[in-house]
Amino acid sequence: MILAANFKTNHTRKSTLEYLETLDGFSNTCSEDSFYIFPPATALESSSAHITIGAQNAYPIESGSCTGEIGVAQLNEFSIKTVLIGHSERRHVLGESLDLIKKKYDFFKEQGFTIFFCIGEPLEVKEQGVDAVMAYIADQIEGIDLSYENLIVAYEPVWAIGTGKSATNEDIAQIHSKIKKICDKPLLYGGSVKEANFKDIVAIDGVDGVLVGTASWDVADYISMIKSAK
Ligand code: PEP
């Protein structure tokens, strides 16, 4: 199972190091799971044997004049080869266009990065039914090379992210099975995964793991959530 934690704009460098130390002790007892942590840019670290560190965002550039962004040169300092692309907060809050997302995807694919590519529909689309959801997702993946060997897809309905309201198991099973028909890469679910629903969600056919925001920020709670499915 793939267990990915998105810290968003939480944790400092110091607290990230403490978190990683605790999680490392636990993760080496979970040989069948892959752990990924996406800390904020100021807390990037090198990966350990059991935990891969990824960037929440990076600009498609080696280095140059892009104020406020980081590129490959900054990621290389920590040997980071994993990046999140297309997270809903970057699409909908920070206004990243489909064009920029595709540019990032192509650039980091060229660099051989493991790409966590996030897709998912806003509430008004969900309310129009499954066909509308799949049409929305089709737009998000247009021009994206789904055959890329280091691709991990995360289905994250926008209305479920950070709201405490996860998609139902039936919704997840339905959308995952449809995405699996067009892309055979590992497919994560994300959106208000927490201890109360973790075990059921990871047991759904077509769910290869989870991308967790809020419920990952406290390491003891995160470990307890993972243990709940063991
Ligand atoms: C996320 O940020 O990718 C996410 C799924 O957040 P949350 O778990 O808080 O809904």
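The values are calculated or read from the model by the stated rules, or taken from the named source; none is laboratory data. Note that the structure is a prediction, hence the values are computed from the model and not measured. For neighbour counting, all protein chains shown are included, and Cβ atoms are generated from backbone atoms with ideal geometry for every residue, glycine included. Accessible surface areas use protein heavy atoms only, side chains included; no ligands, DNA or RNA. Shrake-Rupley method; radii C 1.70, N 1.55, O 1.52, S 1.80 Å.
Of all the criteria given as (1) at pLDDT 95 or above; (2) within 24 Å of Asp33 (Cα to Cα), the one not satisfied by Asp131 is (2).
For the stretch 96-117, taking the residues that are assigned to a loop (DSSP other than H, G, I, E, B) and touching a Gly at 6+ places or on another chain (Cβ under 9 Å), the one that is least open to solvent (accessible area, probe 1.4 Å) is identified as Phe113.
Candidates are the residues of the stretch 136-157 that are charged (D, E, K, R) and in contact with a helix residue (DSSP H, G or I) (Cβ under 9 Å, 6 or more places away or on another chain); the one that is farthest from Glu124 (Cα to Cα) is Asp145.
For the stretch 9-34, filtered to residues that are open to solvent by 30 Å² or more (accessible area, probe 1.4 Å) and under 25 Å from Glu156 (Cα atoms), the residue that is farthest from the ligand (Cβ to nearest atom) is Glu32.
The sole residue among Gly209, Gly164 that is touching a residue at least 24 places away in the same chain (Cβ under 8 Å), at positive phi, surrounded by fewer than 16 Cβ atoms within 10 Å (Cβ to Cβ) and out of contact with any helix residue (DSSP H, G or I) (no Cβ under 6 Å at 6 or more places or on another chain) is Gly164. You will find that of Lys180, Lys103, the residue that is modelled with pLDDT of 95 or more, more than 15 Å from the ligand (Cβ to nearest atom) and under 16 Å from Ala58 (Cα atoms) is Lys103 and no other.
Looking across Ser47, Ser79, Ser63, one residue alone is surrounded by fewer than 16 Cβ atoms within 10 Å (Cβ to Cβ) and out of contact with any Ser or Thr (no Cβ under 6 Å at 6 or more places or on another chain). It is Ser63. Remark: pairs (first residue in the stretch 64-82, within 17 Å of Lys109 (Cβ to Cβ) and modelled with pLDDT of 95 or more; second residue surrounded by 11 or more Cβ atoms within 10 Å (Cβ to Cβ) and of a type in the set (Asp, Glu); Cβ separation under 6 Å; 6+ apart in sequence or on different chains) = Gly71/Glu62; Val72/Glu62. Restricting attention to the stretch 184-195, the residues that are in contact with a helix residue (DSSP H, G or I) (Cβ under 9 Å, 6 or more places away or on another chain), open to solvent by 10 Å² or more (accessible area, probe 1.4 Å) and more than 8 Å from the ligand (Cβ to nearest atom) add up to 1.
In this structure, Glu89 does satisfy being over 18 Å from Gln111 (Cα atoms) and of a type in the set (Asp, Glu).
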